[in-house]
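The values are calculated or read from the model by the stated rules, or taken from the named source; none is laboratory data. Bear in mind the structure is a predicted one, so any value in this text is a computation, not a measurement. We place every Cβ from the backbone using ideal geometry, glycine too, and count neighbours over all the protein chains shown.
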Amino acid sequence: MLRFGVRAELLSKSTRTAIRRAASLGFGAVQLTASGELHPDELSRTGRRELRHLLATHGLSLSGWFYPMRYGLADETELERRLEELRKTLIMSYETGAGCVVTSIGRVPRDPDHPARKLMGEVLLDLAEFADRAGGVLAAESGTEPLEVLAEFLAGLDRGTLRINYDPAALRTRGYEPTAGFSAAVPFLVHCHAWDVTVDASSETGQVVPLGQGVVPWPQVLGLLQEADYTGWIVVDRLPESGPEAAGAALQYLRSIR
C-alpha cells in the first residue's frame, strides 16, 4: 500500500503547527528541512528527542530530512563545509528516526571516465562509509540527468546506504521522461517527491501547478511504484500555493488514483 507524506513547510513555518496539521489532514509522515532551528548544529539531543515524541504523539513518521545544497558534489566550492553538514544531518536523521537524508548531488555525467563523475564517486563513497557507521541513508535527488544514468552510477558504487529520491516532476521539467529507466532505479528507490508542472517547450522551465493538472503522468507513476512493491514515502513537495487546503487537495488527488 502506498504511503503519503508532506513537506512540513507547505503547512506552516512552525514545525509544531505543521506536524499537527499534517496529522489532521490524514498524512502519514512529514519531511523536514535541515536548516534554521532544525539545522543539525541547532537541534540539540534534547530537541531531537522532543521531535520524535511530538511525531509519535500525532501518529506521524519522519519520511526524511532534506539537506539543501546549492552546489553539486563535483563542485569544490565550500565542499568540506557542506560534507561536514551532511554528515551531521545523517547523524540527526538516525537520532530522529528519519528514513533518509535527501539532497542534490549535482549532475552525473554519462561518461564513466569524466573527472566530475569520478570526483562525485569518491565523495559519495566516503559519505556512504560514514552513513554505514551513523546508521543513515543518503538519497540523491533525481532530475539533473536521466533516471537510468543516476541508477547506473549508484550501481557502480555498490553501497546500500546510497539511494535515490525519485522526483518525476523534476525529471519532466528537464525534458526527461519521468518513467524511463524506472526498472533500473527500483533497487535504489527510498523516497519520492510528488508535485506537478506545466513545461515550456522552448526552455527547461516549469510552472508548478496543483497535482494532476500538469504534465507528470501520476496514474502511471503510482502504478509503477505499486507494481514494484515500493514501501517508502511519497511526499507532497511543492504546490502553487501553500497551506492546509492545498496540501489536503493534493493528498485527495493521490488517493483517488491509487
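For the stretch 226-258, give me each residue that is of a type in the set (A, V, I, L, M, F, W, C) and out of contact with any strand residue (DSSP E or B) (no Cβ under 8 Å at 6 or more places or on another chain). 246, 249, 257 - these are the residues of the stretch 226-258 that are of a type in the set (A, V, I, L, M, F, W, C) and out of contact with any strand residue (DSSP E or B) (no Cβ under 8 Å at 6 or more places or on another chain). The residues of the stretch 140-151 that are outside any helix (DSSP H, G or I) and more than 20 Å from residue 67 (Cα to Cα) amount to a single one, 146. Of note, residue 201 satisfies the criterion of being modelled with pLDDT under 95, surrounded by fewer than 14 Cβ atoms within 10 Å (Cβ to Cβ) and over 29 Å from residue 17 (Cβ atoms). Would you check if there is a residue in the stretch 72-84 being charged (D, E, K, R) and touching a helix residue (DSSP H, G or I) at 6+ places or on another chain (Cβ under 6 Å)? No, there is no match, as no residue in the stretch 72-84 is charged (D, E, K, R) and touching a helix residue (DSSP H, G or I) at 6+ places or on another chain (Cβ under 6 Å).
Within the stretch 8-36, being farther than 18 Å from residue 59 by Cβ and of a type in the set (A, V, I, L, M, F, W, C) holds for 10, 34. For the stretch 225-252, taking the residues that are closer than 16 Å to residue 169 by Cα and out of contact with any Ser or Thr (no Cβ under 6 Å at 6 or more places or on another chain), the one that is surrounded by the fewest Cβ atoms within 10 Å (Cβ to Cβ) is identified as 240. Against the numbered list (1) in contact (Cβ under 8 Å) with a residue 40 or more places away in the chain; (2) at negative phi, residue 243 comes up short only at (2). Restricting the stretch 24-68 to residues that are among the aliphatic types (A, V, I, L, M) and out of contact with any Leu (no Cβ under 8 Å at 6 or more places or on another chain) leaves a set whose member that is farthest from residue 99 (Cα to Cα) is 54. Among the residues making up the stretch 101-126, a single one is within 19 Å of the chain's Cα centre (by Cα) and over 17 Å from residue 151 (Cα atoms): 101. Kindly establish whether residue 125 is buried (at least 16 other Cβ atoms within 10 Å of the Cβ) and either farther than 16 Å from residue 72 by Cα or hydrophobic (A, V, I, L, M, F, W, C) (or both). The answer is no for residue 125.
Regarding the stretch 134-156, can at least one residue be identified that is of a type outside the set (A, V, I, L, M, F, W, C) and without any contact (Cβ under 8 Å) to a residue 12 or more places away in the chain? No, the conditions are met nowhere in the stretch 134-156. For the stretch 131-139, the condition holds for no residue, the condition being that it is under 20 Å from residue 226 (Cβ atoms), part of a helix (DSSP H, G or I) and not aliphatic (A, V, I, L, M). Looking across the stretch 160-204, just one residue is under 23 Å from residue 130 (Cα atoms) and of a type in the set (Lys, Arg), and that is 163. The set of residues in the stretch 6-22 that are more than 17 Å from residue 98 (Cβ to Cβ) and within 20 Å of the chain's Cα centre (by Cα) comprises 10, 11, 12, 13. Tally time: how many residues in the stretch 23-52 are of a type in the set (S, T, N, Q) and within 25 Å of residue 247 (Cα to Cα)? The number of residues fulfilling the criteria is 4.
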